[in-house]
Amino acid sequence: MQNENDTVKDDAELAASISATQEKEWGCCSVQEPSFQEEEAAKVPYLGDKEPLSSLAAEYQAGSPILLEKIKILDSQYVAIRRTRGDGNCFFRSFMFSYLEHILESQDGAEVDRIKVNVEKCRKALQNLGYTDFTFEDFFALFLEQLDDILQGGEESISYDELVNRSRDQSVSDYIVMFFRFVTAGEIRTRAEFFEPFITGLSNTTVDQFCKTSVEPMGEESDHIHITALSDALGVAIRVVYLDRSSCDTGGVTVNHHDFVPVGTNDEKKEASAAAPFITLLYRPGHYDILYPKPSCKVLDNVEK
Amino acid sequence: MQQSRARLFKEYKEVQREKVADPDIQLVCDDSNIFKWTALIKGPSETPYEGGVFQLAFAVPEPYPLQPPQVRFLTKIFHPNVHFKTGEICLDILKNAWSPAWTLQSVCRAIIALMAHPEADSPLNCDSGNLLRSGDVRGFNSMARMYTRLAAMPKKG
């Protein structure tokens, strides 16, 4: 009798555990239908047009007064916003366009030479980590090709419109996003000791697991770990402006930003490159877009620092 | 299209080089279509699949390697993460954890690893998963071995 009871109890427990995990397990193995969010995201181009900040304010018309207050402040410092598709690749895509746009406008050959050295270092890092060359070389090649196409003087140099078109073209845009993902994973794995505590704090997985599931696959969202790694690997500073509901107790509303300054940038260089990073991204919880500062505000940002 | 073709061609060359290095995997490209591949993999030792040879079919989509190949077992196999009728495989790297860092060859290695380490908590084959989850390892092994004998071993005589 005792035994029979146990069996019954076991069966009931088993049934309960099955139904409890059912959702998860079928989530893995059922046919993947695009979610509502994915469908909505697909309506937005990979990269939007420049829009005035009033378009941002319009989104929050009926929303939190703190947000509207903050958008007012942003409006005094930034001329425009350029939206990116919310497909999990928005950070990398924002970074891509922002960087290439800067090169196109500045025609800064020295910067291109500098980043190419870093790209080669990233290539070596991946090789040292045991990545097979052909798995990443096409992505590297396509990024380097964009740099060459963008520097004028070359016969193939491209226009601003062409850069926008390419950034909206999946075969270019996604390949460059993937290039950044490889670079980011390579940097995290190479400096595993440095990144490990952040990764453990964020997701409680190993460095290897984190790279495999949260960095290398397309569509996996970025956070400060990805941004730090990419900025360090390529030696490019990134400013992230935060638009959220947080506010100070003192009542005054301010808009916070954080500058990701690559490691190895010594103070002298910091002084020299003085001005704010040339890449400014707007972060709203879960999403990155590109911001365009007003020319006069760069000075103001300096004073702040 | 161009990009995926170029990548697959590199994989083809790599496979020719690696043939000797990995005797458990024999990956073959269709004569007329580089987007269609088949593989013969050896069942891992100390599993009920030992001694069996299993055939996999690969259909590579145009956006490869940004999107994963579709892989299924052509050989019948009794395994919690393989659909008993269609041969569909439940493996994260073939779905949302895919990245271009994987290759057709390394996918085969991952499938061999999955054969040795079934994930009974995410079953495509519920009968098989339930045997393992209820702790009936003996029952599971005997079913899996029977299907290996029936479907994955060359008939004698």
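The values are calculated or read from the model by the stated rules, or taken from the named source; none is laboratory data. Being a predicted model, the structure only gives us computed values, none of them experimental. All Cβ positions, even for glycine, are placed from backbone atoms using ideal geometry, and neighbour counts span all protein chains on display. For the accessible areas, the whole protein counts, side chains as well, though only heavy atoms, and no ligand, DNA or RNA atoms are used. Shrake-Rupley method; radii C 1.70, N 1.55, O 1.52, S 1.80 Å.
Residues of region B:54-84 that are of a type in the set (Lys, Arg) and within 14 Å of chain A (Cβ to nearest Cβ): B:Arg72 alone. Of the helices (runs of 4 or more DSSP H) lying entirely inside region A:158-204, those containing at least 3 residues that are within 12 Å of another protein chain (Cβ to nearest Cβ), touching a residue at least 12 places away in the same chain (Cβ under 8 Å) and farther than 13 Å from A:Ser214 by Cα are A:170-190. Residues in region A:107-136 that are touching a Leu at 6+ places or on another chain (Cβ under 7 Å) and of a type in the set (A, V, I, L, M) were compared, and the one that is nearest to B:Leu8 (Cα to Cα) is A:Val119. Under the condition of being under 21 Å from the mean Cα position of the chain (by Cα) and touching a residue at least 60 places away in the same chain (Cβ under 8 Å), the residues counted in region A:96-120 number 10.
Right, B:Pro23: free of Cβ contacts under 8 Å to residues at least 40 places away in the same chain and either more than 14 Å from chain A (Cβ to nearest Cβ) or open to solvent by less than 50 Å² (accessible area, probe 1.4 Å) (or both) or not?
Yes, satisfied.
Out of curiosity, is A:Val44 at negative phi, among the β-branched types (Val, Ile, Thr) and at pLDDT 95 or above?
For A:Val44, the condition - at negative phi, among the β-branched types (Val, Ile, Thr) and at pLDDT 95 or above - is not met.
Residues of region B:89-99 include none that is more than 8 Å from every other protein chain (Cβ to nearest Cβ), hydroxyl-bearing (Ser, Thr, Tyr) and closer than 28 Å to A:Ser214 by Cα.
Of the residues making up region B:85-118, those that are out of contact with any helix residue (DSSP H, G or I) (no Cβ under 9 Å at 6 or more places or on another chain), of a type outside the set (Gly, Ala, Ser) and open to solvent by 20 Å² or more (accessible area, probe 1.4 Å) number 5. Selection of region A:55-69 for residues being within 20 Å of A:His257 (Cα to Cα) and not in a loop (DSSP other than H, G, I, E, B) yields A:Leu56, A:Ala57, A:Pro65, A:Ile66, A:Leu67, A:Leu68, A:Glu69.
Does region A:219-231 include one or more residues that are within 14 Å of chain B (Cβ to nearest Cβ), touching a His at 6+ places or on another chain (Cβ under 8 Å), modelled with pLDDT of 95 or more and under 23 Å from B:Trp98 (Cβ atoms)? Scanning region A:219-231 turns up no residue that is within 14 Å of chain B (Cβ to nearest Cβ), touching a His at 6+ places or on another chain (Cβ under 8 Å), modelled with pLDDT of 95 or more and under 23 Å from B:Trp98 (Cβ atoms).
Pairs are defined by a Cβ separation below 9 Å, a sequence spacing of at least 6 or placement on different chains, a first member in region B:32-60 that is touching a residue at least 40 places away in the same chain (Cβ under 8 Å) and under 18 Å from B:Cys90 (Cβ atoms), and a second member that is among the hydroxyl-bearing types (Ser, Thr, Tyr) and assigned to a strand (DSSP E or B); the pairs so defined are B:Leu56/B:Thr38; B:Phe58/B:Thr38.
Show the residue pairs that are 6+ apart or on different chains and have beta-carbon atoms under 6 Å apart, the first residue being within region A:208-231 and closer than 23 Å to B:Leu94 by Cβ, the second being crowded, with 19+ Cβ neighbours inside 10 Å and polar (S, T, N, Q). Note: pairs meeting the criteria are A:Val215/A:Thr184; A:Glu216/B:Ser99; A:Pro217/B:Ser99; A:Glu220/A:Ser214.
So which of A:Thr213, A:Thr206 is exposed (fewer than 14 other Cβ atoms within 10 Å of the Cβ) and of a type in the set (Ser, Thr, Tyr)?
Details: A:Thr213 fails: exposed (fewer than 14 other Cβ atoms within 10 Å of the Cβ).
Criteria check complete, one pass: A:Thr206.
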